[in-house]
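Trainee: Have a look at this one before I ask anything.
Derivation of every value follows stated rules applied to the coordinates shown; laboratory data play no part. A quick note: this is a predicted structure, and the numbers were derived from the prediction, not measured. No Cβ is skipped: glycine too gets one built from the backbone with ideal geometry, and neighbour counts run over all protein chains shown.
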Amino acid sequence: MKSIKNLTRFTYETAAFQGWRLSISRAGAVFTKYFSDKKYGDEKQSFTAAETALTGLKALLDAAKKVNGKHTATTIRKGEKLLEQA
């Protein structure tokens with residue numbers, strides 16, 4: 001599978017981690033989460049989980065109000081909680 005914007009594939013023969021990394025930066029906040037092939041079963045399932053989390057996070061961040069061009073602490077906490085549950 002090919003990497004898409006905000007999702008990067010990590011496959012290193014010598015590294016312990018293989019999977020997808022979700023990383024998105026919006027209005028001064030950076031959200032990052034790793035989706036391991038080992039945890040989710042295989043490459044396709046980890047990609048699906050990462051893509052679902054990315055879609056939900058984008059929806060949350062796009063709908064959130066900003067104060068002085070930055071996301072509020074509440075929005076950041078909601079985003080972090082969403083990624084924890086993914």
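Trainee: Just to be sure I understand the model, the point goes 7 Å from the Cα along the line to the Cβ. What's the resulting residue 6 to residue 63 distance in nm?
Mentor: Here the answer is 1.4 nm between the modelled labels.
Trainee: State the answer as a single residue: which of 71, 24, 47 lies farthest towards the positive end of the charge dipole of the chain, with beta carbon charges of +1 for Lys and Arg and -1 for Asp and Glu, about the Cα centre.
Mentor: 71
Trainee: Right, here's the next one. Filter 5/70; 38/66; 38/65; 39/81; 38/70 down to the pairs with a C-alpha to C-alpha distance above 29 Å, please.
Mentor: Among 5/70; 38/66; 38/65; 39/81; 38/70, the Cα-Cα distance tops 29 Å for 38/66; 38/65; 38/70.
Trainee: Taking the inverse of the average 1/r across all pairs of different Cα atoms in the chain, what Kirkwood radius in Å do you get?
Mentor: 13.5
Trainee: Which value in nm describes the separation of the simple spin-label points at residue 72 and residue 85, placed 7 Å from the Cα toward the beta carbon?
Mentor: 1.9
Trainee: Compute the angle between helix 43-63 and the longest alpha-carbon principal axis of the chain, please, reported from 0 to 90 degrees and rounded to the nearest 10.
Mentor: 10
Trainee: I'd like to compare 22-30, 65-73: which one has the highest average count of other Cβ atoms within 10 Å, and what's the full order after that?
Mentor: Taking the mean over residues of other Cβ atoms within 10 Å, the ranking is 22-30, 65-73.
Trainee: Taking only Cα atoms, what is the 0 to 90° angle, nearest 10, from helix 73-85's long axis to the longest principal axis of the chain?
Mentor: 20
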